[in-house]
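Shown next, in structure tokens, is the structure this report addresses.
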Amino acid sequence: MFAIFLNFLAVAIGSLIGAIAKRGIREKYLTVMNTAMGLCALVLGINVAMANMQRTAMPVLFICCMSLGGLIGTWLKLDYHIEQLTRGDGTTGNSLSQGITTAVLLCCVGTLSMMGPVLSALKGDDTYLLTAAVLNGVTMIVLASSYGIGVIVTSVIVFLWQGFFYALAVLSADFISDELVCETSIVGGILIAAAGLGILNIKDCKTANLLPALLMPLLYFFVKGLL
């Protein structure tokens, strides 16, 4: 659990550093950094999705997960609620909610943040989590310099996400499989790419409404295990 707490600190400290640095960065440089982050998110998301598409044995599962997750998120009005919660910190609601959504996806999706807690719980190997902490810290410096201190809430989400996989591994080691990580990574890659499109102002995909799709592979494999 120490490495998970370290990830929490890395995200929080990275957010603080980025928010402080933002005060000394002129607007045109922030715009460039924002554009760079959008391009990186777009390419990274496509790469994650395509790499895992080569490994999946269920090439249509991600379509069901995206569709069902999007319907649930829209019904819950996640995008609207996140926008309302992020108003009033000096950043426009839409901008900060986009920053938080992007931060959550970049810090939570992938092998490091999903298999890292599992390896830590089962084998005491914190390599993945320590690597994730470094990458997450750097990512948050860039995001906070563009979106402000409000993205620090991502630290709590990262802690809960990694803690969930840690607890799941302790309680049911057999449930965490390469297939689960693969399917979740495909969905996550698509969401990261969608966030990139939003940052670049190409298409507002209401990515927050699609976040429940990340939980759909978990639900699928849980139900499958019961049958």
Report summary line: Among residues of the range 81-99 being at pLDDT 65 or above and part of a loop (DSSP other than H, G, I, E, B), the residue surrounded by the fewest Cβ atoms within 10 Å (Cβ to Cβ) is Arg87
Report summary line: All-but-one check, Gly38 against (1) closer than 25 Å to Val118 by Cβ; (2) open to solvent by less than 50 Å² (accessible area, probe 1.4 Å), failing number (1)
Query raised in the report: Has the range 100-123 got any residue that is open to solvent by 50 Å² or more (accessible area, probe 1.4 Å) and under 16 Å from the mean Cα position of the chain (by Cα)?
Result: yes
Query raised in the report: When the range 168-199 is examined, which residues are found to be of a type outside the set (D, E, K, R), open to solvent by 40 Å² or more (accessible area, probe 1.4 Å) and touching a residue at least 40 places away in the same chain (Cβ under 8 Å)?
Result: Val170, Ala173, Phe175, Ile190, Leu197
Report summary line: Considering residues that are surrounded by fewer than 24 Cβ atoms within 10 Å (Cβ to Cβ), closer than 17 Å to Phe5 by Cα, in contact (Cβ under 8 Å) with a residue 60 or more places away in the chain and not aliphatic (A, V, I, L, M), the number found within the range 140-167 is 4
Requested in this report: Could you list, in sequence order, all residues of the range 200-218 that are open to solvent by less than 10 Å² (accessible area, probe 1.4 Å) and not in a helix (DSSP H, G or I)?
Outcome: none
**Report entry** Failed condition for Leu119, given (1) under 23 Å from Tyr29 (Cβ atoms); (2) without any contact (Cβ under 8 Å) to a residue 24 or more places away in the chain
**Finding:** (1)
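The values are calculated or read from the model by the stated rules, or taken from the named source; none is laboratory data. Please read all numbers here as calculations on a predicted model, not as lab measurements. So basically every Cβ, Gly included, is an ideal-geometry build from the backbone, and we count neighbours across all protein chains shown. For accessibility, only protein heavy atoms count, side chains too; no ligands or nucleic acids. Shrake-Rupley method; radii C 1.70, N 1.55, O 1.52, S 1.80 Å.
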